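Read-outs throughout are calculated quantities, based only on the coordinates presented, and are distinct from any laboratory measurement. Note that the structure is predicted; figures quoted are calculated from it, not measured. Every residue, glycine among them, receives a Cβ derived from its backbone with ideal geometry; neighbour counts consider all protein chains shown.
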Ligand code: AMP
């Protein structure tokens, strides 16, 4: 089995627009940060589904010619995050299937926690699987369901799965959007300017295609899209929200609103809280781009220490986190980030990043800043120590590789060779996202080990 079979991705659905696949394509561009390994779109022309998917960035997978073959007024799309090990094309989405009711395509963001159990049972009953994706379980559950209508089969199937799922299903004539009862991963509903509808993992997709945000798909809700009708809402599960707080910390794009709030604003709040919790005398605050930018602005505003861009990022190199071997990761950090000597030389530098996972990035960056002449480097992290892996759809290494699971803050500080190290604590993080007294509506498992499912 692979180390991580997580689905940490983006989904989009377009319903009721002549150029549905083009809108899905543009949306996927704005959701590219959620997954760079593979991309795909399925469209429906009312009688048949068409699918194109491949490894690589959205830009590589599609061109004008290919998009022209994805005809029809509805479409679903997906970008897939990289995983360790097998990255076969079979693991790209949408997952397409023909079954007794016709054809369907599914896109999934999230990670099912009982996937292995469900899969073993299905295999015992004679099912054959083509991929490692937990999403394929859904195809079998839907195909096997005794219900007559697809809508009821979907409801049947999702009763049997557990964990995180923001899903969009496409049939020849309908589209369905569904979120798990905890609403771990985001999914928003918007209106296209022609009156059609869009659902997407993040609202930055709406801005790009000129759609208006209506509301989030509720945790536990199934939305049914049918021609000539407003989306119909079916409450499948009682909502018990546990939104992934890491969407605010790192994953979502700052110009998106997820779980009803501006990502940028929450990140800036984190920086402000961090400045209060972990002040330091310094000459300049710099972010680790891009993730640390809003928090560094917040830190600077709260502390009064000037903000500067002290590190340049080369945007044409992929995320460092995605490379499976340590050697490659080290190399890619160097390729990606370079220090601005004129900003750093002789200065006491506060460097802000959103999280420390393995510690590799911070260690490299701090060395780099010292080599560029920084007199002191104070590392500030706008989230609590990442101590536990995520089982709900964010790519985190196993516990042994999480530096904060194995070292104290002082030890980490020494390891990364910083002059000081400060993290946000859980309470300040919750305050930054405007959570009430407790964290009832948020999943903070990666920082606390308190898992819900
Ligand atoms: P590390 O070298 O493992 O400590 O990586 C820390 C860096 O990875 C930080 O700059 C984060 O912004 C970034 N990061 C944190 N979580 C993730 C994730 N799930 N996927 C990709 N990058 C991440």
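Neighbour counts of other C-beta atoms within 10 Å: give me 267, 367, 181 arranged from fewest to most.
Details: 267 28, 367 13, 181 21.
Ranking 267, 367, 181 by Cβ neighbours within 10 Å, fewest first, gives 367, 181, 267.
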Checklist line | Fewest-first ranking of 33, 108, 17, using other Cβ atoms within 10 Å as the exposure measure | finding: 33, 17, 108
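At a threshold of 8 angstrom on Cα-Cα distance, excluding pairs fewer than six apart, so keeping six or more, what relative contact order does the chain reach in percent? Display every interim value, and only then the final one.
On the way: 1117 pairs, mean separation 59.6, N = 453.
This gives 13 percent for the chain.
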Next item on the list: Report the percentage of all Cα-Cα pairs in the chain whose separation exceeds 30 Å, rounded to a whole percent.
Entry: 43
Notebook entry, point to check: Let a ≥ b ≥ c be the square roots of the eigenvalues of the Cα gyration tensor of segment 10-241; is it rounded (a/c under 1.5), or, if not, prolate (a/b larger than b/c) or oblate?
Noted result: rounded
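Using 0.36 nm per residue, how much length does the chain from residue 338 to residue 317 gain when fully extended, once their Cα-Cα distance is taken away? Before the final figure, lay out each step's value.
Details: separation 21, 0.36 × 21 = 7.56 nm, distance 1.24 nm.
Length gained between residue 338 and residue 317: 6.3 nm.
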Next item on the list: Pull out a ≥ b ≥ c, the square roots of the eigenvalues of the alpha-carbon gyration tensor of segment 274-316, then state rounded if a/c is under 1.5, prolate if not and a/b is larger than b/c, and oblate in the remaining case.
Entry: prolate
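At a threshold of 8 angstrom on Cα-Cα distance, excluding pairs fewer than six apart, so keeping six or more, what relative contact order does segment 208-261 reach in percent? Intermediate results must be reported in sequence, preceding the final value.
On the way: 38 pairs, mean separation 14.9, N = 54.
This gives 28 percent for segment 208-261.
Within 10 Å, count the other beta carbons around each residue, average over each peptide in 207-215, 291-299, 388-396, and list them highest first. All intermediate terms of the calculation are to be shown ahead of the outcome.
Values: 207-215: 16.4, 291-299: 26.2, 388-396: 22.2.
Put in order of decreasing packing, that is 291-299, 388-396, 207-215.
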Margin query: Assuming 0.36 nm per residue, please report the length gained on full extension of the stretch residue 99 to residue 64 beyond their Cα-Cα distance.
Written below: 9.6 nm
Notebook entry, point to check: If each of residue 401 and residue 345 carries a label point 7 Å out from its Cα toward its Cβ, how far apart are those two points in nm?
Noted result: 3.8
Item checked: Linear extension gain, residue 162 paired with residue 239, 0.36 nm per residue minus alpha-carbon span -> 26.3 nm
Check: Ranked by Cβ crowding within 10 angstrom, fewest neighbours first, how are 280, 76 ordered?
Finding: 280, 76
Note to self: Under the rule a/c < 1.5 gives rounded, and otherwise a/b versus b/c splits prolate from oblate, where does segment 1-146 land using the Cα gyration tensor?
What the structure shows: oblate
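Calculate how many DSSP beta bridges within the chain are antiparallel, expressed in % of all such bridges and rounded to the nearest 5. Please report the intermediate quantities before stating the final value.
Values: 62 of 79 bridges.
Antiparallel bridges make up about 80 percent of those DSSP assigns within the chain.
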Next item on the list: Looking at segment 264-435, send over the antiparallel percent of its DSSP beta bridges, to the nearest 5.
Entry: 15
